[in-house]
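Novice: Questions regarding the structure given below will be posed in turn.
Rule-based calculations on the coordinates, nothing more; no lab input. Source: prediction; values computed, not measured. For neighbour counting, all protein chains shown are included, and Cβ atoms are generated from backbone atoms with ideal geometry for every residue, glycine included.
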Amino acid sequence: MVNPLLGTGDGGAGGSVNSFPGPDVPFGMVQFGPDTFPHRQDGGGYYYGDSQIQGFSLTHLDGPGCKAFGDVPILPTVGALPSRPGSATVPFSHSAESASAGYYEVQTGSPAVKTELTASARSALGRFTFPATTQANLLLKLAGSQAGNSATDAQVIGDNEVQGTVSSGHFCGGPDTYTVNIDITFDHSFTAHGTWTGSTITPGSQRVRAKATKPAAVRDGSKGGASPAQPHPTYQGTAPTGRSLKSAASGPDGVYLTFDTTQNQKVQAKVGISFVSTANAARNAHTTPGFGFDAMHAAAVADWNKELSRIQIGGGATARQQVFYTALYHSLLHPNIFSDANGQYMGFDNKVHTIQPGHVQMANYSGWDIYRSQAQLEAMVDPQAASDSAQSMVNDAAQNNGMLPKWALANGESYVMNGDPADGILGGYYAFGARNFDTRSALSYALAEADKPSTIRPGLNYYTSLGYLPSDGSYGCCNFYGSASTTLEYAGADFALARFASALGDRADADRLTRRSQNWQNLFNPATGLIQPKTASGTWMPVTPTTQSNYVEGNASQYRWEVGWNEAGLFNALGGNKAVNPTLDTFWTHLNDGPASPYSFWDNQFEYAYPWNYDFTGQPYKTQALVHRIRTQLYLDSPQHSEGDNDDLGATASMGVLTMLGFFPEYTSTADVTLNSPEFPLEIIHLAGGHTLTFNAPHASASNIYIQSTRLNGKAYTKPWLPGSIFTTGATVAVTLGSTPNTSWGARPQDAPPSYRQGELPALGYVSSQAEVIPPRSSAKVALGAREVTGSRQSVTFSATASGGVTVSPDHGTLSTAPGSDGTEPITLTAGPAEGRYQVTFRMKTAGGTKLPDISMSLAVARGGELWPYETYEGIYPDGSTFRNGFNGGAFAYSQDALTAAGSPSGGTVTSDGITYTWPITAAGRPDHITMAGQTIPLDAPAAATTLGLLGAATNAHASGATGQLTIHYTDGSTSTATIGLSDWTLGAGKYPPIPGDTEAITTPYRDTSSGGKDATPAYVYATTAPLDPGKQVASITLPSMTGGTGSLFALGYRS
């Protein structure tokens, strides 16, 4: 019932799943499997659409998102050696390929070689069936690791063994490194052997030491930033340096072996690996005696049957059962065994350690991805493996200056992604039954990480003093980016750690951290209904629902819901269930629409909990329908069309399992679960201690997806959630399903799942406008408001201050709110004579003395026709600068040096299609472009102008570009419209041409990276035009809110 080829084809908005089809055992150390060409997918190494194989490498990761592992590809060939063995590939066809749990088989080349692979925990076997020939070759591509190699070393021993080491790492450009040792013995003597370096083949050579090979491209993330000077905290441990592997002057190096198969066509290879030594690799290989391929295969099948049968399902379509068990299989591939058969492992301190008795050291934690779902499922299914994982994390912290893994590969920390995911992983393991680890040390390390500045939580000094991470803060290191998203991650980590502490009896820290988890309120803006980034001075950064700057792999609309522990507080702040439900309905118009869309991007992990929001809002029947859409539209029984994001070491797969089972671990570190409808008529989960959790849903079908009623242990039950105790004691849940919604089931307020509201503020302040632009000596009116969020009447006092001669009237007062409503006060802002950007700040507190977050807004004083007041973000930097939010909202930006060299210096002019533009002034900390989102801008257009020119570019756009409707307003009150489009700023890294109507006005040969480097992808700025009525005078324009990407405007120009 497992098809490992699922998840190896094309994906959805988040990219391909990038699973690997080769054999493995649960949490195994070795993943001996195929790597295809030319699309060797990140981590998984295999793309279903390819027709060439470049080797069968010994290690793989299930969709990690960056290049990783793929160590020592082994390629069988027949005949004379290729001229460049390291670049050799062989053809294959899916008609001669099969994969199952613990087994992979394929025929390659002509004449054909059949390759069969199987695996055990620390070793693997390959069986290669060659034609009868004296030239049966195996090419060992020592320098073939996906991310490049810093060193390789191999030794031919006798006539049937090879030992060696390869070093790689730098996951997503991080500082991590690892060395894997190999031992390969053959049941045949080879008749010839040698080595190669590039195209130089040396017959008979016994040893090869290779130079470094080229690494993967720079990660699409950011590393720290250029920002106003701030005191740097003292970090626990040493901040990472972000090294990368050196480029080599020659191609990959390796070893070739030639066998005579005229008498026996089968050549078997026994492979052992170790991250400690070649001696340990040999010991690991020989834990399985002889070359019993079929016995090892049978043992792998038995291991999987035992693991997968911890969850039994009955009924439903056979294809859907295969999707379920394949998802469960993918969920249990990682983390990986890292200690050898003798208990030794390489620690984060690069010293050899021995694992505690009764445990296995594990490695490879995709923290940000797995803490929401995979960790909880792992603990349910295999509490001992999860306990080993937890103990391993504690061991890692002991060897790494007290820091728990964040995104750790082998024995190194990469610092990829954001937040502090270890809290949710450890808490999730414990809550769902994995408790055989040093919980006290785990809690101690986690508390230190939450309270002391470290490279795991950069910016903790801001978080504890301001209650949020400012967009203009100084973070210094460790891949920090996405200030708004990371504030939410820290708050969520605080909550997860609070529940873990509470479970261990630490009530004081549990109370303190639960209160601190309400820091999300400091970034919630009732005026926009969004979690919105702020500067250190308290000014909200201007955002629209599709703004990506200051968010991680998503946008403001998508992060609106990321408060998975206090939904009641969030939904009250959004205006209550009557406001939330239609907003959710709109959000779910599309399931998986990508990071530039205002709709859902569900396959990215931060959105996993969102479908269950309706369980909190009195409409759980919508959760039931929505989750059914997700599991049937995104989890398909087809390798070619698997939807979704990269699997992220089982994260995406675990969500497939949970959506089909019918529940979700809403709170990460408690076992309370929110409910949807089960997909199968019978589901039995075998829990720790011999208990079982059974779901009986006899009417379950493709059409019967709505819960009509439930019974818990025989008693009527009306809540759309289940208490965590069921995962300790077991339970039977009877679910009656039907084809039409029962809108009353679970709809009462008292039925809603718990929300943890301890420490939340009773009201939140806001101002109706994020920023105003007015001429000198003129006024603007805004509304100051306070929204009550706890269900009790509030009286909020305010006082106002302003800079630059701006006056505020009234500058103090009181806002009164009824339960669930707003209190507002009209405010008049009057500018002085000087142009510039000024700040207006409102300080607020309740009658009970509770201080509310300061509310600040920007006031730009400027004459009409100026664009600088509307510029929103910085996207141009001098070469060598580090930054957090580039032009694409992340790791890349235009190079100021390259733009100047192309004839577009700061404040200079650009001419395209007969229209002259003034390029924006660029300076550190100064916005330089307008993110188009429906702004109306007064213009000072020349009389009789016939054409309006726009200079700009789009991000996250495909071949069709980003498009929208521009509105031109004339002084006589009339309007005209024009559809404009902007091409992607890199043309998809050169994959497609500019869209019709766009002219390449500026071309730079490279773009800058957030770590201060250069990326050799050309970047463009485009000119496009809209017609004007020459008989009318233009008064203003309203910019489009673009679809298909994010459009940015640098300058306007005119042609008469």
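Novice: I need the calculated FRET efficiency for the pair Ser87 and Ala901, taking r as the beta carbon distance and R₀ as 41 Å, to the nearest 0.05.
Specialist: Working: r = 35 Å, r/R0 = 0.86.
About 0.70, to the nearest 0.05.
Novice: Okay, next question. Find the relative contact order for region 106-170 and round it to a whole percent, using C-alpha pairs within less than 8 Å whose residues are 6+ positions apart. Walk me through the intermediate numbers first.
Specialist: On the way: 76 pairs, mean separation 12.8, N = 65.
After rounding, I find 20 percent.
Novice: Further question on the same structure: What whole-number value in cubic angstrom gives the convex hull volume per residue for the C-alpha atoms of region 907-1052?
Specialist: Values: hull volume 16.6 nm³, N = 146.
Cα-based convex hull of region 907-1052, divided per residue, equals 114 Å³.
Novice: Right, here's the next one. Please give the FRET efficiency for Thr354 paired with Ala783, using the beta carbon to beta carbon distance and R0 = 51 Å, rounded to the nearest 0.05.
Specialist: Working: r = 66 Å, r/R0 = 1.29.
Once rounded, the FRET efficiency stands at 0.20.
Novice: If eta is 0.692 mPa s and T is 37 °C, what Stokes-Einstein diffusion coefficient results for the chain, Kirkwood Rh from Cα pairs, in µm²/s? Walk me through the numbers on the way to the answer.
Specialist: On the way: Rh = 30.4 Å.
It comes out at roughly 108 µm²/s.
Novice: How do 79-89, 965-975 rank on mean C-beta neighbours within 10 Å, highest first?
Specialist: Values: 79-89: 17.3, 965-975: 14.5.
The peptides rank, most packed first, as 79-89, 965-975.
Novice: Give me the net charge for the shell around Ser856: Cβ to Cβ below 14 angstrom, other residues only, Lys and Arg +1, Asp and Glu -1. If you can, show how the numbers build up before the last one.
Specialist: Working: positive: Lys534, Arg837, Arg843; negative: Asp472, Glu772, Asp854.
That sum, taken over residues with Cβ under 14 Å, equals 0.
Novice: Next up: Relative contact order for region 326-751 using alpha-carbon pairs under 8 Å, separation at least 6, rounded to a whole percent?
Specialist: Details: 886 pairs, mean separation 60.9, N = 426.
14 percent.
Novice: Please give the Cα centre distance for region 770-797 versus region 621-671, rounded to the nearest Å.
Specialist: Comparing the Cα centres of region 770-797 and region 621-671, I get a distance of 41 Å.
Novice: Also, I was wondering about something else. Does anyone have the angle between helix 577-587 and the longest principal axis of the chain? Alpha-carbon axes, 0 to 90°, nearest 10?
Specialist: Its long axis makes an angle of about 60 degrees.
Novice: So what does log10 I(q)/I(0) come out to for region 910-988 at q = 0.16 Å⁻¹, using the Debye formula with one equal point on every Cα and no solvent?
Specialist: Each listed q maps to, in turn, -0.81.
Novice: Now for a different question. To the nearest 10 degrees, how steeply does helix 483-503 sit against the main Cα axis of the chain, on a 0 to 90 scale?
Specialist: Between the helix axis and the principal axis of the chain, the angle is about 60 degrees.
Novice: Taking +1 at the Cβ of each Lys and Arg and -1 at the Cβ of each Asp and Glu, which of Val1021, Ile531, Leu328 sits farthest along the dipole of the chain towards its positive end, judged by Cα position relative to the Cα centre?
Specialist: Ile531
Novice: Here is a further query. Order 935-947, 330-342, 522-534, 353-365 from most to least packed using the mean count of other Cβ atoms within 10 Å.
Specialist: Details: 935-947: 15.9, 330-342: 24.8, 522-534: 22.7, 353-365: 20.1.
Top to bottom by mean Cβ count within 10 Å: 330-342, 522-534, 353-365, 935-947.
Novice: Taking the Cα of Thr586, stepping 7 Å toward and past its beta carbon, and measuring to each backbone N in region 542-563: which are under 13 Å?
Specialist: Answer for region 542-563: 545-546, 557-558.
Novice: Still on this structure, please answer the following. Relative to the longest principal axis of the chain, what angle (0 to 90°, nearest 10) does the C-alpha long axis of helix 318-331 take?
Specialist: That works out to roughly 90 degrees.
Novice: Using +1 on the beta carbon of Lys and Arg, -1 on that of Asp and Glu, and nothing else charged, what's the dipole of region 118-209 about the Cα centre, debye to 20? Can you show the working numbers first?
Specialist: Values: 5 positive and 6 negative charges, 29 e Å.
Here region 118-209 has a charge dipole of around 140 debye.
Novice: For Ser912, what is the net charge nearby, where nearby means another residue's Cβ is under 14 Å from its Cβ and Lys, Arg count +1, Asp, Glu -1? Working shown, then result.
Specialist: Numbers: positive: Arg1055; negative: Asp913, Asp998, Glu1000.
Taking every other residue near Ser912 into account, the sum is -2.
Novice: Here is a follow-up. Can you compute the FRET efficiency between Thr967 and Lys845 using 1/(1 + (r/R0)^6), with r the Cβ-Cβ distance and R0 = 45 Å? Round to the nearest 0.05.
Specialist: Working: r = 42 Å, r/R0 = 0.94.
After rounding, the FRET efficiency stands at 0.60.
Novice: If you don't mind, there's one more thing I want to ask. Stretch Ala508-Ser199 to full length: gain in nm at 0.36 nm per residue minus the Cα-Cα span?
Specialist: 104.6 nm
Novice: Report the one residue of Met417, Pro723, Thr652 whose Cα lies farthest in the direction of the positive end of the charge dipole of the chain (charges on C-beta: Lys and Arg +1, Asp and Glu -1; origin at the Cα centre).
Specialist: Pro723
Novice: Cut-off under 26 Å on the C-alpha distance; same-chain residues fewer than 8 positions from Lys534 excluded. Which lysines are left, in chain and number order?
Specialist: Lys223, Lys406, Lys452, Lys781, Lys845, Lys851
Novice: Relative contact order, percent, of the chain when contacts are C-alpha pairs under 8 Å separated by at least 6 residues?
Specialist: Details: 3012 pairs, mean separation 101.9, N = 1056.
Relative CO of the chain lands at 10 percent.
Novice: Using the Cα centre as the reference, give the magnitude of the dipole from point charges on the C-beta atoms of the chain (Lys, Arg: +1; Asp, Glu: -1; all else neutral), rounded to the nearest 20 debye.
Specialist: Values: 60 positive and 82 negative charges, 214 e Å.
The calculation lands at about 1020 debye.
Novice: Going by C-beta contacts inside 10 Å, put Ile827, Ile456 in order with the fewest on the left.
Specialist: On the way: Ile827 23, Ile456 28.
Neighbour counts put them in this order, fewest first: Ile827, Ile456.
Novice: Another one. Which one of Asn956, Ile1037, Ser778 has its Cα pushed farthest toward the positive end of the charge dipole of the chain, where Lys and Arg give +1 and Asp and Glu give -1 at the Cβ?
Specialist: Ser778
Novice: Pop a pseudo-label 7 angstrom from the Cα along the beta-carbon direction at both His39 and Asn264 and give the gap in nm to one decimal.
Specialist: Distance between the two pseudo-spin positions: 4.1 nm.
Novice: When His812, His60 are ordered from fewest to most other Cβ atoms inside 10 Å of their Cβ, what list results?
Specialist: Sorted ascending by nearby Cβ count, the order is His812, His60.
Novice: Once the other residues with Cβ under 11 Å from the Cβ of His359 are scored (Lys, Arg +1; Asp, Glu -1), what is the net sum? Show your work: numbers first, answer last.
Specialist: On the way: positive: none; negative: Asp388, Asp438.
The answer is -2.
Novice: Also, I was wondering about something else. Mind checking the dipole of region 763-861: about its Cα centre, +1 per Lys or Arg Cβ, -1 per Asp or Glu Cβ, Debye to the nearest 20?
Specialist: Dipole magnitude for region 763-861 comes out near 120 debye.
Novice: Please sort 1048-1056, 571-579 by packing, taking for each peptide the average over its residues of neighbouring beta carbons within 10 angstrom, highest first. Could you put the intermediate results ahead of the total?
Specialist: Working: 1048-1056: 20.8, 571-579: 18.9.
Averaged packing, sorted descending, gives the order 1048-1056, 571-579.
Novice: Okay, next question. For region 638-763, what's the radius of gyration and Dmax over Cα atoms, in angstrom?
Specialist: In order Rg, Dmax, the Cα atoms of region 638-763 give 16.2, 51 Å.
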